[in-house]
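Novice: Mind having a look at this structure? Questions to follow.
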Amino acid sequence: MRKPSPRRKPFSKPLADFIDVCLGPSLAAQGFATSDIIVAWPEIVGERLAEFTQPLKIEWKRKGPNADPDARPEPAALIIRVESAFALELQHLSPVVVERVNAHYGWRCIGKLVLKQGPVRRAKPQKTPVPVVREEDRQRIGSAVEAIEEDGLKAALARLGTAIIGTAKTSDPRKRER
């Protein structure tokens, strides 16, 4: 068995692997152990709640001098920024949100929510460029996925092929069609 060449570059890593390394110190200052609650907020609370809310900080209770160091910490308070028109609804849904956050972490780490009214920053949706694909390329893609029986998979692979061919043509300015 051959060993890889020492000059060979290591495999690239996903960007998500570097988020906690880069943002870790500032997240820790806000009480977050990792970025996962911020990144997964729409999955934790649902798209509708995530549209009007944003987790800001987790406040942990300080341990007293006589506290057992091996004991599990008291549940924390999750501070959430919420738009003022939505605050009353979130207040009513707070037990559900606490339960979902705790289910996400797998233990009872959040005991209550603290709502701070204010504007919520929203990511601006980016328009995906429509790939330009010639008719002959469409026919090639169609013949490549023709043997697939499952309609959903066939359609997904056809979209993938269209995106790959369209991206390859538009990413290199020399290869763009005029």
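The values are calculated or read from the model by the stated rules, or taken from the named source; none is laboratory data. Please read these numbers as outputs of a predicted model, since none were measured by experiment. Here Cβ is always computed from backbone atoms with ideal geometry, including for glycine, and neighbour counts include all displayed protein chains.
Novice: For region 55-67, state whether one or more residues are under 16 Å from residue 119 (Cα atoms) and either at pLDDT 90 or above or of a type in the set (A, V, I, L, M, F, W, C) (or both).
Specialist: For region 55-67, residues under 16 Å from residue 119 (Cα atoms) and either at pLDDT 90 or above or of a type in the set (A, V, I, L, M, F, W, C) (or both): present.
Novice: Might you let me know whether region 101-119 holds any residue that is in a helix (DSSP H, G or I) and at pLDDT below 80? Reasoning before the result, please.
Specialist: Step one: list which residues in region 101-119 are in a helix (DSSP H, G or I), which gives 101-105.
Pick out the ones that are also at pLDDT below 80 and you get none.
For region 101-119, residues in a helix (DSSP H, G or I) and at pLDDT below 80: absent.
Novice: Can you pull out the residues in region 58-88 that are part of a strand (DSSP E or B) and out of contact with any Lys or Arg (no Cβ under 9 Å at 6 or more places or on another chain)?
Specialist: We begin by selecting, within region 58-88, every residue part of a strand (DSSP E or B); these are 58-59, 76-82.
Result: 58, 59.
Novice: Those residues that are surrounded by fewer than 18 Cβ atoms within 10 Å (Cβ to Cβ) and under 19 Å from residue 105 (Cα atoms), I need them from region 58-69; list them, please. So that I can check it myself, show each step before the final result.
Specialist: Residues of region 58-69 surrounded by fewer than 18 Cβ atoms within 10 Å (Cβ to Cβ): 59-69.
59, 60, 61 - these are the residues of region 58-69 that are surrounded by fewer than 18 Cβ atoms within 10 Å (Cβ to Cβ) and under 19 Å from residue 105 (Cα atoms).
Novice: Something else about it: Just the residues that are among the aliphatic types (A, V, I, L, M) and surrounded by fewer than 17 Cβ atoms within 10 Å (Cβ to Cβ), please, taken from region 88-102.
Specialist: Once the filter is applied, which keeps residues that are among the aliphatic types (A, V, I, L, M) and surrounded by fewer than 17 Cβ atoms within 10 Å (Cβ to Cβ), region 88-102 yields 88, 96.
Novice: Going by the structure shown, is residue 133 aliphatic (A, V, I, L, M), surrounded by 14 or more Cβ atoms within 10 Å (Cβ to Cβ), assigned to a loop (DSSP other than H, G, I, E, B) and modelled with pLDDT under 85?
Specialist: yes
Rundown of residues vs (1) in contact (Cβ under 8 Å) with a residue 24 or more places away in the chain; (2) hydroxyl-bearing (Ser, Thr, Tyr); (3) over 30 Å from residue 159 (Cβ atoms); (4) assigned by TED's automatic domain parsing to the domain that holds residue 165, yes/no style:
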position	(1), (2), (3), (4)
50	no, no, no, no
67	no, no, yes, no
82	yes, no, yes, no
86	yes, no, yes, no
89	no, no, yes, no
94	no, yes, yes, no
97	yes, no, yes, no
106	no, no, yes, no
111	yes, no, yes, no
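Novice: I'm told residue 85 meets every condition in (1) surrounded by 12 or more Cβ atoms within 10 Å (Cβ to Cβ); (2) under 24 Å from residue 122 (Cβ atoms) except one. Can you identify the failing condition by its number?
Specialist: (1)
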